[in-house]
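The values are calculated or read from the model by the stated rules, or taken from the named source; none is laboratory data. From a predicted model like this one, the values you see are computed outputs, not experimental measurements. So basically every Cβ, Gly included, is an ideal-geometry build from the backbone, and we count neighbours across all protein chains shown. We work out accessible area using only protein heavy atoms, side chains counted, and drop any ligands, DNA or RNA first. Shrake-Rupley method; radii C 1.70, N 1.55, O 1.52, S 1.80 Å.
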Amino acid sequence: MFCRHILVSLGVLGVISALPQAASAQDHIYSLVIHGGAGTITRDSMTDETEAAYRVALSDALMKGRAVLESGGTALDAVTASIMVMEDSDLFNAGKGAVFTHDGRNELDAAIMDGRTLNAGAITGVTRVRNPITLARAVMEQSRHVMLAREGAEAFARDHDITLVSPTYFYTERRYQQLLAVQKKDKEALLLLDAPGDHEFGTVGAVALDKDGNIAAGTSTGGLTNKMWGRIGDSPIIGAGTYANNKSCGVSATGTGEYFIRATVAREICALMEYKSYSVQQAADQVIHQNLTRLGGDGGVIALAHDGAIAYSFNTEGMYRGQLTSTHPEPKVEIYKD
Ligand code: ASP
């Protein structure tokens, strides 16, 4: 009774809500969920070798993150580690495998957010940063800003020992052929007054809950094939493609960025949990299958609740995705809708 009295008084004075939002009832559990993009990914369109390569890469990314979480590391470190594996693989549209802009360049975007402090870092339009997620993190931790763009972001990278590479590092024949194919299709579509068809996205993202009960989310991308130079998608926009808050959830998105920005997808999912007590799956489904789909957007999200529950939601044929938890530590990788 006495305790309750004190707690109520502290609550009224606003003291309880001022305590750090860290360790909680879920102490010492961890969860990790990742994605490698969504789109028209069907069994028919995939060879056994390609499917196996994606499964190995996603498992590697999960295991890198798991090593961090298992040893008591932070959600931020786990997210960074998992995303770096996917950025270094040419399978995904991030880092090494980034898609090309209309004029044949690679412009990379990334963001990371800490659900404990609500600190965030984002970078956009960089052409020489090998692992854009590391630069987003440096912006969050070592600058007083949230987002840096283009030459400014690269100058910051140089000053903060972030690994830089020649822009030619990002050239892959597969992505270049995709650019040529999209440009040809666009030209034909214009002649037919028809809109371009199927998309395949390959953005990468990770969301983790660490043993201290803290959530982090991150996303890294080359954007959309054939995008205009200077175009910025949802991935580096806090609240659109990336968001984390210990009170509710962490989210990373992939899809037609313009729609994800307008639907503020990532923040909306967390807000439905925080203000309307939706489960993480209900919130993700509401935003993807109702709000985003109604606007005309394609893609999906991974989301992770403060209690470690994991949700996927996407309105495409498939999404490269995987998860593991402290109770099921073996990587579970999935690609197709069913
Ligand atoms: N959402 C990314 C963008 O619009 C693309 C993707 O997910 O592949 O930049």
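Yes or no: the stretch 131-147 includes at least one residue that is away from the ligand (no atom under 16 Å from the Cβ), surrounded by fewer than 24 Cβ atoms within 10 Å (Cβ to Cβ) and over 30 Å from residue 306 (Cα atoms). No, there is no match, as no residue in the stretch 131-147 is away from the ligand (no atom under 16 Å from the Cβ), surrounded by fewer than 24 Cβ atoms within 10 Å (Cβ to Cβ) and over 30 Å from residue 306 (Cα atoms).
Here is the figure for the stretch 36-61: residues that are within 25 Å of residue 257 (Cβ to Cβ) and in contact (Cβ under 8 Å) with a residue 24 or more places away in the chain total 12. Might you check whether a residue that is among the basic types (Lys, Arg), crowded, with 21+ Cβ neighbours inside 10 Å and at pLDDT 95 or above occurs anywhere in the stretch 84-100? Looking for residues that are among the basic types (Lys, Arg), crowded, with 21+ Cβ neighbours inside 10 Å and at pLDDT 95 or above, one finds at least one in the stretch 84-100, hence yes. If you take the residues in the stretch 236-250 that are under 18 Å from residue 208 (Cβ atoms) and open to solvent by 30 Å² or more (accessible area, probe 1.4 Å), which one is farthest from the ligand (Cβ to nearest atom)? Once the filter is applied, the top-ranked residue is 247.
I'd like the residue in the stretch 285-299 that is over 14 Å from the mean Cα position of the chain (by Cα) and open to solvent by less than 10 Å² (accessible area, probe 1.4 Å) and, out of all such residues, is farthest from the ligand (Cβ to nearest atom). Looking at the filtered set, the residue picked out is 287.
Going by the structure shown, is residue 210 open to solvent by less than 10 Å² (accessible area, probe 1.4 Å), among the charged types (D, E, K, R) and within 16 Å of the ligand (Cβ to nearest atom)? In short, no.
Scanning the stretch 256-277 for residues that are open to solvent by less than 50 Å² (accessible area, probe 1.4 Å) and without any contact (Cβ under 8 Å) to a residue 40 or more places away in the chain turns up 257, 260, 263, 265, 269, 270, 271, 272, 273. Quick one: would you say residue 2 is loosely packed, with under 12 Cβ neighbours inside 10 Å and either more than 24 Å from the chain's Cα centre (by Cα) or at pLDDT 85 or above (or both)? Answer is yes for this residue. Residues in the stretch 58-77 that are surrounded by fewer than 22 Cβ atoms within 10 Å (Cβ to Cβ) and of a type in the set (Gly, Ala, Ser): 59, 67, 71, 72, 73.
Taken over the stretch 114-128, residues that are more than 16 Å from the ligand (Cβ to nearest atom) and open to solvent by less than 30 Å² (accessible area, probe 1.4 Å) amount to 4.
On the stretch given as the stretch 158-178, residues that are part of a helix (DSSP H, G or I) and without any contact (Cβ under 8 Å) to a residue 40 or more places away in the chain total 5. Against the test of being surrounded by fewer than 18 Cβ atoms within 10 Å (Cβ to Cβ), hydrophobic (A, V, I, L, M, F, W, C) and over 12 Å from residue 221 (Cα atoms), the options 53, 81 yield a single qualifying residue, 53.
Could you tell me whether residue 253 is more than 10 Å from the ligand (Cβ to nearest atom), open to solvent by less than 10 Å² (accessible area, probe 1.4 Å) and among the small types (Gly, Ala, Ser)? Considered against the rule, which asks whether it is more than 10 Å from the ligand (Cβ to nearest atom), open to solvent by less than 10 Å² (accessible area, probe 1.4 Å) and among the small types (Gly, Ala, Ser), residue 253 comes out as no. Within the stretch 191-210, being at pLDDT 65 or above, farther than 21 Å from residue 177 by Cβ and of a type in the set (Gly, Ala, Ser) holds for 205, 206, 208. Restricting the stretch 325-336 to residues that are of a type outside the set (Ser, Thr, Tyr) and farther than 16 Å from residue 85 by Cα, the residue that is least open to solvent (accessible area, probe 1.4 Å) is 335.
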